[in-house]
Number of protein chains: 2
Amino acid sequence: MKELIEYIEKSTGLSNDIINELRAIALEKNVKKRELILQEDTSKKLQIFVASGCLRAFYKAENGKDHTLQFATKNWWISDYMTLFNNEKSILSIESLSHSKIVIIEQSQLEALYDKFPEFGLINRMNLQNRIAALQKRIFVLLTLNAKEKYEKFIRDYDVFEKVIPNYQIASFLGITPESLSRIRKEISNS
Amino acid sequence: MKELIEYIEKSTGLSNDIINELRAIALEKNVKKRELILQEDTSKKLQIFVASGCLRAFYKAENGKDHTLQFATKNWWISDYMTLFNNEKSILSIESLSHSKIVIIEQSQLEALYDKFPEFGLINRMNLQNRIAALQKRIFVLLTLNAKEKYEKFIRDYDVFEKVIPNYQIASFLGITPESLSRIRKEISNS
């Protein structure tokens, strides 16, 4: 929770009133490695903030294939936004990839706080805008970079977590095959 | 402009005050087919609303390859969000694919209106949330569907515009080769 408050305060000071109300609606949780935090097919509308550790949002296709939509590390939010913001049937699951500390807040309760405290609503606007930029960047990367460039960007972005994330998940996040990933890694270590 | 007002009013009524101030900061423009509306490398932070027609945001790579990030039809916003919301160097261009009517508004002026009129800020929040859901959906489609499924979804989503959009742009939007697209089209027309 401290991390969420600090993260929000970085952009602008938060009044004690907001901090207290935020504490009242937020559920702080320590999760173990490989713990399932959100299951597909839930109707719950939750925002999840990562205070420490690493989470993953993924989709398990009918053919068993596992697709990684998002990784979230410290100070990132993660959710099934198609459900959260567009009322679509929930298809993503969210799990922890390492021991993580997370803060879970119901979307409706967060929205009530934005309405009650305009300065908090403003922080949320910045936050939503950042997410839009990040999502467009992800599309940009998927479309324009080749497999090796994607992996190099991944290493820069996720740094220490590269080691805790299984190969098939990194490959599915980059939209490449695990075989391509192995080949690229070998290329890089030989160069 | 009428279209933008109607679009915003659909979610909730807009006061005359907001409508008047919106008119004062918005530039309505008729653009011809293939007109360049926003150029890469601009420092301008603009939101573009499509009242009618079809726009495209694209990236021209150094090797000459053209990548389509987004198509926007009636009632959609389009922009280089990485520049707009994340202060990154602008790398996308935006052009019209058909005769279109658009409304251009400077981001800073829009933000001043959100701050001045909380009810308008609320509409913006919904709008940003919708865009997040749409962008996550686009990533989902890029990662999980095969080339044929992507194209079938494209036809459903863009309907009448399929005919005005050149093949290589559809292919680059779907992240497939123009040759794959031709093959898929042949398959579909033969089935």
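The values are calculated or read from the model by the stated rules, or taken from the named source; none is laboratory data. Predicted, not measured: the structure shown is a model, and the values here were computed from it. Reconstructed Cβ throughout: ideal geometry from the backbone, glycine too, with neighbour counts over all protein chains shown.
Tabulated results
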quantity	calculated
Check on B:Asn16, out of contact with any Lys or Arg (no Cβ under 8 Å at 6 or more places or on another chain) and assigned by TED's automatic domain parsing to the domain that holds B:Trp76	yes
Pairs, first under 15 Å from A:Gln129 (Cβ atoms) and within 11 Å of another protein chain (Cβ to nearest Cβ) in segment B:111-122, second among the polar types (S, T, N, Q) and surrounded by 13 or more Cβ atoms within 10 Å (Cβ to Cβ), C-beta under 7 Å, six or more apart	B:Tyr114/B:Asn124
Within segment B:46-69, tally of residues that are assigned to a strand (DSSP E or B), surrounded by 14 or more Cβ atoms within 10 Å (Cβ to Cβ) and not hydroxyl-bearing (Ser, Thr, Tyr)	14
Output for segment A:87-114, where each listed residue is of a type outside the set (Gly, Ala, Ser), in a loop (DSSP other than H, G, I, E, B) and touching a strand residue (DSSP E or B) at 6+ places or on another chain (Cβ under 9 Å)	A:Ile91, A:Leu92, A:Leu97, A:His99
Residue among A:Ile155, A:Ile104 that is of a type in the set (Val, Ile, Thr) and assigned by TED's automatic domain parsing to the domain that holds A:Arg23	A:Ile104
Number of the condition not met by A:Ile105 [criteria: (1) away from chain B (no Cβ under 11 Å); (2) more than 29 Å from B:His67 (Cα to Cα); (3) free of Cβ contacts under 8 Å to residues at least 12 places away in the same chain]	(3)
Scope segment A:125-153; condition among the charged types (D, E, K, R) and under 16 Å from B:Asn130 (Cβ atoms); matching residues	A:Arg125, A:Arg131
Within segment B:144-191, helices (runs of 4 or more DSSP H) holding 3 or more residues that are closer than 23 Å to A:Gln70 by Cα and away from every other protein chain (no Cβ under 14 Å)	none
Out of A:Leu55, A:Leu46, A:Leu22, sole residue that is over 29 Å from A:Lys163 (Cα atoms) and assigned by TED's automatic domain parsing to the domain that holds A:Lys116	A:Leu22
Among (1) more than 29 Å from A:Arg56 (Cα to Cα); (2) surrounded by 20 or more Cβ atoms within 10 Å (Cβ to Cβ); (3) at the interface with chain A (Cβ under 9 Å from one of its Cβ atoms) - the single one B:Gln136 does not satisfy	(1)
Test set (1) within 10 Å of chain B (Cβ to nearest Cβ); (2) assigned to a loop (DSSP other than H, G, I, E, B); (3) touching a residue at least 24 places away in the same chain (Cβ under 8 Å) - A:Ser43 fails condition number	(1)
